[in-house]
Amino acid sequence: MKTSLQIVFFLLIIVSLVHCAPKEDIKTSFPQKIKSVYYQKWIDGKEPRERGTDFYIEFEVALSQDIQLVKIYFQNQKADFEPITKSIFVAHLAPKYTNPDLILHKDSLKEYGNQAPIITKPKFDLKPTEALLAYKRNGKSYFLRIKNLKEKPMIAYPSVIKPKK
């Protein structure tokens, strides 16, 4: 009797903890009218590894004071927003490059010190043309799934300006 009472008590605690777990509130509409959402890739001609994606969101009117854009999750990356104007915001997504020293040898035993690549699972399951916007409204966190994003043409910044002869 005493052990069955303890089991019931523990099951009750587990069930109550599961119901209290935070759940992501993914919305399909934003509380304010969005004029356009797009992304644009860029590459720097000076450094071949300097590249990234800028994610833009533009509202019809200035963003309300009770709404705060937090992060954007797009193509297995995340970034914070910064305002360009009161109604246009941009997030700069740049891949992180690591250049580990690898020992390559025809004898595989001499490659013992090499570390395997670390593959992290993305936080959200998104398609390549989908993004997830994290925002706060009156202190409460929400997520907005944005589908069918438009890609603008890539910007290729010039490498070095050659002097005129």
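Values in this text are rule-based calculations from the coordinates and carry no lab data. In this text the structure is predicted, and so the values were computed from the model without any measurement. Here Cβ is always computed from backbone atoms with ideal geometry, including for glycine, and neighbour counts include all displayed protein chains.
Taking other Cβ within 10 Å of each residue's Cβ, how do Leu149, Leu104, Leu93 sort, fewest first?
Details: Leu149 16, Leu104 8, Leu93 19.
Neighbour counts put them in this order, fewest first: Leu104, Leu149, Leu93.
Taken about its Cα centre, the stretch 93-155 carries a charge dipole of about 640 debye when Lys and Arg each add +1 at the Cβ and Asp and Glu each add -1 at the Cβ.
Taken along the Cα-to-beta-carbon direction at a fixed 7 Å, the label points for Ser64 and Asp125 span 3.2 nm. Label sites at Glu50 and Phe143, each approximated as a point 7 angstrom past Cα along Cα to Cβ, lie 3.5 nm apart.
Would you please classify the overall shape of the stretch 56-165 from the alpha carbon gyration tensor, given that a ≥ b ≥ c denote the square roots of the eigenvalues, rounded means a/c under 1.5, and beyond that prolate means a/b larger than b/c while oblate covers the rest?
Cα axes put the stretch 56-165 in the oblate bin.
Cβ-to-Cβ counts within 10 Å put Val70, Val61, Val37, Val90 in ascending order as Val61, Val70, Val90, Val37, the fewest first. The residues neighbouring Val37, those whose beta-carbon lies less than 9 Å from its own, together hold a net charge of +1 under the Lys/Arg +1, Asp/Glu -1 convention. Here Ile103 and Lys152 are evaluated by their C-beta separation; at R0 = 45 Å the FRET efficiency comes out at 0.60. With neighbours defined as other Cβ atoms within 10 Å of a residue's Cβ, the residues Thr129, Thr85, Thr53 order from fewest to most as Thr85, Thr129, Thr53.
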